[in-house]
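Notes follow once the structure below has been shown.
Read-outs: derived from the displayed coordinates by stated rules, not from any lab. The shown structure was predicted, so the numbers you read here are calculated from the model rather than taken from an experiment. All Cβ positions, even for glycine, are placed from backbone atoms using ideal geometry, and neighbour counts span all protein chains on display.
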Amino acid sequence: MSFKKDNIQEVNKNRVIMDSDTYLPIGDNYREAFNDYLNQKFLGR
């Protein structure tokens, strides 16, 4: 499966929801880095 930010449907505290069958867990150690990535890619920060 390839990962593109356009495939993200929802992000909550513990996982990324790609579609109805695909959930990616976000571990505590990676949550901050993932949030920084999203902020840069989606919000241009």
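Contact list please: Cβ distance under 7 Å, first residue in region 21-39 and surrounded by fewer than 11 Cβ atoms within 10 Å (Cβ to Cβ), second residue assigned to a strand (DSSP E or B), pairs at least six apart or on different chains.
Here the result reads Pro25/Arg15, each pair linking region 21-39 to a residue that is assigned to a strand (DSSP E or B).
Being under 15 Å from Asp6 (Cα atoms) and either assigned to a helix (DSSP H, G or I) or not aliphatic (A, V, I, L, M) (or both) is the filter here, so list the residues in region 21-33 that pass it.
Thr22, Tyr23
Counting only residues that are aliphatic (A, V, I, L, M) and in contact with a helix residue (DSSP H, G or I) (Cβ under 6 Å, 6 or more places away or on another chain), how many does region 23-41 have?
1
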